[in-house]
Amino acid sequence: MPSAPRPIADEQRLIESVNSFPGVPIWLIEYGFNDQDLPTTQKFFNESLKYLEETEVVERYAWFGASRSIVLNVGPNGAMLNPYGDLTDIGSWYLGGNATGTEALPTDKPGESACTPEKPCGGSGSKNNAASLRRDGLVISLLGVAAGFFLFL
Amino acid sequence: MRSFTILLAPALLWLPTSLADSARNLKRGLAYTPNDNWPEDDKLWSDAAEKGVLSWYYNFGWEASKAYESVPQSTFEFVPLMWGAATANGTDSYFAGNISEIIDKGRDITHVMMFSQPDGSGIKPKIAARSWINNAVPLQAKGVKVGLPIVGDPYNWVTPFLANCSDILANKEKKPNKRDGGARDEPAAGAGSGASDKKPACKFDFVPITSYGNMSTLKDRVELFATA
């Protein structure tokens, strides 16, 4: 949010009753680059992480995105979890790991996602694309039928 | 035994590199948002804290998250937030009371935050100042560090807030039987204040901010608050 200009009349008052901020530690309690495509988001994530680690006046920081992508209100690409709760690249990087290759959403466009907040995806560890969702569904159905068959026996 | 070790070796290679890193990241934390649908996700973050990758979290409220109730402060420090004034005139001290009770029950709260975007939500600086006196000052007297209200810029709302806060303190001092939160002391090194030479200061120990935008925006926001 850009700062509004200070009224001139308050300058003197400002100097007298000053916010003596310099040296006071800063906590970046929410940050991100909202509603961007994935490469832009990831580039920002990595650059900002380096900057925040190196900048002394920043005492603490917290990336905003510790949610599954389908419910994140700043756009899905900042999410640290995919619809199944698996760590995305950003999620893994934030937790000190390597890229996972797990996409935030099956496509870059939330409207095309097979998972929605109304019908969230369950389970975990699934490869995050529409084709494998169908395949996994089929496998699970077959296993269910087989299990039922053996129980029946 | 030897063959067992050979079998084990590939497994050892899979150990996450973070296990080898014994330094706790004191900067990196978690902004925890409501997660009723998938409580199984909560453990990811506390596991990371156990490994020292994350060291603190907040959840926009004053109570520790249920998922982390048994996680000690030394592993995953909970930072309470007083979202706004509980009563319209800011004269209550519910937050201070609640946090004091949490501390007495054994959770060593060391930092709290006060007011989420009061310049956006329309809490008047004067009301917030009153609420600060009733809640932040008693906690500071107990050694808790308190953050400046979380605002969009360090002047528009903050200047009158600190001025009002200072005024209230000055008035309190004229009446010797009023509670004193010890704010007449010189601000501690590294603490910020809204003091003038003549008036007592309302101190703050850190400045929580937010930033949404590109690197340029982020750097600007940090510098804006660092040099205000």
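In table form, for the structure just shown:
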| read-out | value |
| --- | --- |
| FRET efficiency, B:K66 to B:S216 (Cβ-Cβ, R0 41 Å, nearest 0.05) | 0.55 |
| Under Karplus coefficients 6.51, -1.76 and 1.60, residue-wise ³J(HN,Hα) of the range A:81-95 in Hz, glycine/proline x | 10, 7, x, 9, x, 8, 5, 7, 3, 4, x, 5, 4, 4, 8 |
| B:T91 paired with B:N37, simple spin-label distance in nm, labels 7 Å along Cα-to-beta-carbon | 4.4 |
| Cα-Cα over 26 Å, subset of B:K126/B:K199; B:K66/B:K124; B:K105/B:K126; B:K174/B:K203; A:K50/B:K51 | B:K66/B:K124; B:K105/B:K126 |
| Label point distance in nm, B:T227-B:E50, each placed 7 Å from Cα along Cα→Cβ | 4.5 |
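The numbers here are math on the coordinates, done by the rules we state, and not lab data. Quantities reported herein were computed from a predicted structural model and do not represent experimental measurements. Note: ideal-geometry Cβ built from the backbone for every residue, glycine included; neighbour counts use all protein chains shown.
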